[in-house]
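Accompanying notes for the structure given below.
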Amino acid sequence: MSTESRRISGWPALWFWSLALGTLAFAAAAAMTIGKLVALFALLLCVLAGLRARAWPQALLGGLIGAGAVCLFIGFLHLSYVPCPAGPQTLAPGESFSCGGFDPTPWLAVGAGLVAVGLVAYVLYRRYTVPLIVGANRPGAV
């Protein structure tokens, strides 16, 4: 049995590459904190994906989906974003006020776009390149 015939293909390969490259994108985004620890795990996942899963087009589209998932994760973490007012705030005794953070809108928009492009492109790839199964339910079959 050849190496190519033992590789994972189809949707499982796409999800494997999405996990591997998404973890790598998370390691890059979190490089200032825990990214260095995650990077070793991410590289191991990428090597395993390269050895076990089919690369074209699953790696490319899985990278889009994985990076989009990381953007969505960052966006969801910052949903409690409150912009800071322009002037000073006057607080009564015992009151507290906090503001700032990242605006989640761009992260959510980019993440949703990347995931959508990756999924739609893979569905179109599967629709137009996977050979049809010959069966009795085919129109005109006897």
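Taken together, the values in this text are just the output of simple stated rules run on the coordinates, not laboratory data. The shown structure was predicted, so the numbers you read here are calculated from the model rather than taken from an experiment. Here the Cβ positions follow ideal geometry from the backbone for every residue, glycine too, while neighbour counts run over all protein chains shown.
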Residue count, the range 84-130 (criterion: farther than 28 Å from GLN58 by Cα and assigned to a loop (DSSP other than H, G, I, E, B)): 19
Residues of the range 7-45 classified as among the hydroxyl-bearing types (Ser, Thr, Tyr) and surrounded by fewer than 17 Cβ atoms within 10 Å (Cβ to Cβ), total: 2
Scan of the range 62-95 for residues that are surrounded by 14 or more Cβ atoms within 10 Å (Cβ to Cβ) and among the hydrophobic types (A, V, I, L, M, F, W, C), ordered by number: LEU64, ILE65, ALA67, ALA69, VAL70, CYS71, LEU72, PHE73, ILE74
Output for the range 1-51, where each listed residue is among the polar types (S, T, N, Q), touching a residue at least 12 places away in the same chain (Cβ under 8 Å) and not in a helix (DSSP H, G or I): SER9
One residue from LEU61, LEU72 being in contact (Cβ under 8 Å) with a residue 60 or more places away in the chain and under 21 Å from LEU108 (Cβ atoms): LEU61
